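Contents: one structure, followed by commentary.
The values are calculated or read from the model by the stated rules, or taken from the named source; none is laboratory data. If you're wondering where the values come from, they're calculated on a predicted model, not measured in any experiment. All Cβ positions, glycine included, derive from the backbone under ideal geometry; neighbour counts span all protein chains shown. Accessible surface areas use protein heavy atoms only, side chains included; no ligands, DNA or RNA. Shrake-Rupley method; radii C 1.70, N 1.55, O 1.52, S 1.80 Å.
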Amino acid sequence: MITPFPSSHPHNPWLAHSVRIQRVIQETPGVATYDMAFDDARVAESFQFLPGQFNMIYLPGVGEVAISISGDPGQCGVVPHTIREAGNVTKTLARLPLHSSVALRGPFGSSWPVESCVGKDVVIVAGGIGLAPLRPAILYLLKHRSELDELTLIVGARDPSLLLYPEQYDDWRAKGMNVVVTVDRADESWHGCIGMVTAVLDRLWLRDASKTVVMTCGPEVMMWYTVQTAIRRGIPSAQCFLSLERNMNCAIGLCGHCQFGPEFLCKDGPVFCFDRVASRMKVEDL
């Protein structure tokens, strides 16, 4: 049986901890993984997060940004965040030298339903940088691989140069995960699948659709059609989960920037069962 996660430690949501950039791994153009180490050893030992949760990264004088945690939930001390340069905070962060100090508060938000996957088939569908919020779930499920049935990852990108963590795919395969990689546009070096992740899902062999869990993250339109494909294949919509992204400024549902109908993505999400948000995902500009 998958061991339940320990209860989250009560914490002051406004309390920021000092962390240092211990290592930077350039992943794709404009995307890097920052390993952040806590300055306070007691905080490092007690920090826990669930797969799919996020932290708020604060740069004094610049601003704060919500970033999904992309590391192993069982690892202590160092917290990886895979970050795309998209705004003032992330662009400034990319220019900081190694060992620079920034502030971190969290973790926040809901998580992937990894504990309910025992005895089920799991299909994870990631598009582009959407693999980052899913990687903690992948690492957790691989540690409990014997308690699952089929475990499949479908990962896609616009072209091979934009694939995230490609050096880890073989290791994941060796640990019992079926990894299918596809790109929209191939180059002369590419010998894998070409096409959308939904096309791969449409062809995927399903042992028992009624006992299959889908987790997906990527562009919203990709997630919408991923879930539609899953439902068409017989997977119940209540077993389809996705991670939504909006401008999260406070992480506790106070500022209202991430409101999505009656939901606040920072505290009610970012991970939702599809049934909970389906009626609003096709509302333009919501």
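I'm trying to understand the selection: among the residues of region 207-224, which are farther than 22 Å from I69 by Cα and buried (at least 18 other Cβ atoms within 10 Å of the Cβ)?
Of all residues in region 207-224, those farther than 22 Å from I69 by Cα come to 207-212, 221, 224.
The answer is T212, and nothing else.
Count of region 43-64 residues, restricted to those that are over 17 Å from G130 (Cα atoms) and part of a strand (DSSP E or B), is 6.
In region 64-77, the residue that is most open to solvent (accessible area, probe 1.4 Å) out of those that are under 16 Å from Q22 (Cβ atoms) and modelled with pLDDT of 95 or more is D72. When only residues in region 80-99 that are under 26 Å from C255 (Cα atoms) and assigned to a strand (DSSP E or B) count, which is most open to solvent (accessible area, probe 1.4 Å)? Within region 80-99, the match that is most open to solvent (accessible area, probe 1.4 Å) is R84.
Among the residues of region 181-202, just one is crowded, with 19+ Cβ neighbours inside 10 Å and closer than 24 Å to H144 by Cβ, namely L201. For beta carbons closer than 6 Å, sequence separation of 6+ or different chains, a first residue in region 167-187 that is over 17 Å from G127 (Cα atoms) and touching a residue at least 24 places away in the same chain (Cβ under 8 Å) and a second that is open to solvent by less than 40 Å² (accessible area, probe 1.4 Å) and not in a helix (DSSP H, G or I), the qualifying pairs are W172/V179; M177/L151; M177/L153. Exactly one residue out of V102, V122 is open to solvent by less than 20 Å² (accessible area, probe 1.4 Å), among the β-branched types (V, I, T), under 26 Å from C250 (Cβ atoms) and more than 14 Å from the chain's Cα centre (by Cα): that is V102. Scanning region 235-268 for residues that are part of a loop (DSSP other than H, G, I, E, B) and open to solvent by less than 50 Å² (accessible area, probe 1.4 Å) yields I235, P236, L244, M248, C250, A251, G253, G256, C258, G261. Filtering region 199-222 to residues that are assigned to a helix (DSSP H, G or I) and touching a residue at least 40 places away in the same chain (Cβ under 8 Å) leaves V200, L201, K211, E220, M222. Picking from residues in region 269-281 that are among the small types (G, A, S) and not in a loop (DSSP other than H, G, I, E, B), the one that is farthest from G130 (Cα to Cα) is S279. Across region 18-29, the number of residues qualifying as over 18 Å from the mean Cα position of the chain (by Cα) and either open to solvent by less than 30 Å² (accessible area, probe 1.4 Å) or more than 21 Å from L162 (Cβ to Cβ) (or both) comes to 6. Could you list, in sequence order, all residues of region 52-77 that are farther than 20 Å from C258 by Cα, under 18 Å from the mean Cα position of the chain (by Cα) and touching a residue at least 24 places away in the same chain (Cβ under 8 Å)? Across region 52-77, the qualifying residues are S70, G71, D72, P73, G74. For region 240-256, the count of residues that are in contact with a Phe, Trp or Tyr (Cβ under 6 Å, 6 or more places away or on another chain) and at pLDDT below 95 is at least one. For region 30-63, name all the residues that are touching a helix residue (DSSP H, G or I) at 6+ places or on another chain (Cβ under 7 Å) and open to solvent by 40 Å² or more (accessible area, probe 1.4 Å). Scanning region 30-63 gives a single hit, V62. Condition check for S116 on (1) touching a residue at least 40 places away in the same chain (Cβ under 8 Å); (2) in a helix (DSSP H, G or I); (3) open to solvent by less than 20 Å² (accessible area, probe 1.4 Å): one failure, at (3).
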